[in-house]
Number of protein chains: 2
Amino acid sequence: MKILIVGASGTVGAFVASALAERHQIVKAGSKSGDVRVDIKDSSSIRKMFESVGKLDAVVSAAGKVHFGEFAKMTEAEFAIGLKDKLMGQVNLVLVGRELIADGGSFTLTSGVLSHDPVRAGSSASLVNGAIDGFVRAAAIELPRGLRINAVSPGVLLESMPSYGPYFRGHQPVPGTRVALAYAKSVEGARTGQVFEVL
Amino acid sequence: MKILIVGASGTVGAFVASALAERHQIVKAGSKSGDVRVDIKDSSSIRKMFESVGKLDAVVSAAGKVHFGEFAKMTEAEFAIGLKDKLMGQVNLVLVGRELIADGGSFTLTSGVLSHDPVRAGSSASLVNGAIDGFVRAAAIELPRGLRINAVSPGVLLESMPSYGPYFRGHQPVPGTRVALAYAKSVEGARTGQVFEVL
């Protein structure tokens, strides 16, 4: 398969790229590095990316920012960051890619544990992750041409603990290699409309 | 209690207003009718509403639009309708209201069954409902002053079947009086961070 990984240089993306590269042709996309550059906040940038890489069998997104901050002070504009980036950035990968990806192709998006197991400062992440999970469940039942879509909802990565640790005290960190398995299950398996939790 | 019901003239809102009016002082808000007018898409309109109604013990939102349409043709702009209205409209009620509501007060938002049990044409609703559920779980753990927040996630209302029926074939319609009970549980009970499903 020819697989596009958006956010391939991120912590999750690098583990996914490494795992899938054993068996597939990988095209790495990122905002600042990769085989192709993309700003997922801009659907015309997404379209350019798809046109430049040619026919794909799978699109994996491990990209998207949200604002972390104390809820008492979180503003509408700070919520908008996550809506524009991690949420609609990933949704737009599907909206643009749905016509360009090969028959039987798949989309795999990234949500996260905070939708159900919230932490302080994570209200925007919880909102966005819940939205991604709802979206893939619904989009799956309407996709044509045998296309599939799933989300991977990982706990905090072991390898991210140096930076995210203080937010996630008491959470079980998950090794990146194990998180990558869920992406392989989505891409190489046959299920659709699923949220693969890795906890 | 003095309870603001946003969307009080809608199908859900009217059942909630009727149920809570037996025991409480109700202030009805709506875009086109009610004791006070509000455009939930505009946080300055929300702020004016809160300032005009005085101190509240509870805010119930049964308001918010999303676009229903075939996923294959759904555009970024059509997804934006639900993000701006049902999602951020309700979130902004909390962002503005969190400083103005009385100590120990509560917010009750409305999501819906489509987050987990999708139907054709409902991908935007599924996204938004999942976002609302994630948001209340997270906001609850950071709210100060004993404030609480929950969501009610109803199935399709029996009374909405004339218009929504074709989208919801096979779904069990839920009587509005039973949906209203979940709002009473949220407002008059003590739980927080919950998604009360009414199926």
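The values are calculated or read from the model by the stated rules, or taken from the named source; none is laboratory data. If you're wondering where the values come from, they're calculated on a predicted model, not measured in any experiment. As a convention, Cβ positions derive from the backbone with ideal geometry for all residues, glycine included, and neighbour counts pool all protein chains shown. Only protein heavy atoms, including side chains, enter the accessible area calculation; ligands, DNA and RNA are left aside. Shrake-Rupley method; radii C 1.70, N 1.55, O 1.52, S 1.80 Å.
Structure above, values below:
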{"item": "Accessible surface buried once A binds B (1.4 Å probe; total of both sides; Å²)", "result": "3100 Å²"}
{"item": "Between region B:161-199 and region A:125-187, the alpha-carbon center distance in angstrom", "result": "28 Å"}
{"item": "Test item: B:103-115 mean partner chain Cβ contacts at 10 Å", "result": "1"}
{"item": "Shortest-first distances to equivalent copies, position A:PRO144, nm, label 7 Å out along Cβ", "result": "5.3"}
{"item": "Rough spin-label spacing in nm, given labels placed 7 Å along Cα→Cβ, for B:THR11 and B:GLN25", "result": "3.3 nm"}
{"item": "Rg/Rh ratio calculated on Cα atoms of the protein assembly as shown (Kirkwood radius)", "result": "0.99"}
{"item": "Mean Cβ count within 10 Å, highest first, over the residues of peptides B:144-152, A:34-42, A:148-156", "result": "A:148-156, B:144-152, A:34-42"}
{"item": "Electrostatic dipole magnitude of the protein assembly as shown [Cβ: Lys, Arg +1; Asp, Glu -1; Cα centre; debye, to 20]", "result": "60 debye"}
{"item": "Cα-centred dipole magnitude for chain B, charges only on beta-carbon of K, R (+1) and D, E (-1), debye, nearest 20", "result": "180 debye"}
{"item": "Most mobile listed residue (A:GLU188, A:GLU51, A:GLU76) in chain A, GNM with C-alpha springs under 10 Å", "result": "A:GLU76"}
{"item": "Built amide H within the under 5 Å cut-off of B:GLU197, gap 5+", "result": "B:SER153"}
{"item": "Region A:1-71, accessible surface, carbon-and-sulfur percent (1.4 angstrom probe)", "result": "47 percent"}
{"item": "Restraint check, A:LYS86/B:LYS84; A:LYS84/B:LYS55; A:LYS28/B:LYS84; A:LYS86/B:LYS185, Cα-Cα greater than 27 Å", "result": "A:LYS84/B:LYS55; A:LYS28/B:LYS84; A:LYS86/B:LYS185"}
{"item": "Teacher prompt: A:LEU100 distances to equivalent labels in other copies, 7 Å Cα→Cβ, nm", "result": "4.4"}
{"item": "Neighbour net charge for A:ALA151 - beta-carbon separation under 15 angstrom, K R +1, D E -1", "result": "+2"}
{"item": "For B:GLY189, label point 7 Å along C-beta direction: distances to other copies, nm", "result": "3.3"}
{"item": "Reduction of at least 20 Å² in accessible surface, 1.4 Å probe, comparing all protein chains with the chain by itself, residues of region A:121-136", "result": "A:SER123, A:SER126, A:LEU127, A:GLY130, A:ALA131, A:GLY134, A:PHE135"}
{"item": "Alpha-carbon centroid distance for the pair region A:75-122 / region A:8-24, whole angstrom", "result": "19 Å"}
{"item": "Residues in region B:72-89 that, when all protein chains are in place, have 30 Å² or more less accessible area than the chain alone would give (probe 1.4 Å)", "result": "B:ALA72, B:GLU76, B:PHE79, B:LEU83, B:MET88"}
{"item": "Two-decimal Rg to Rh for chain B - Kirkwood Rh, Cα set", "result": "0.95"}
{"item": "Where chain B is the region considered: accessible area per residue in Å², 1.4 Å probe", "result": "39 Å²"}
{"item": "Amide proton proximity set for A:VAL27, modelled H, under 5 Å, gap of 5+", "result": "A:ILE3, A:LEU4, A:ILE5"}
{"item": "Highest-first arrangement of B:115-126, B:14-25, where packing means the average Cβ count within 10 Å", "result": "B:115-126, B:14-25"}
{"item": "Estimated [θ] at 222 nm from DSSP helical runs (n ≥ 4, -39500 (n - 2.57)) normalised by residues in chain B, nearest 500", "result": "-11000 deg cm²/dmol"}
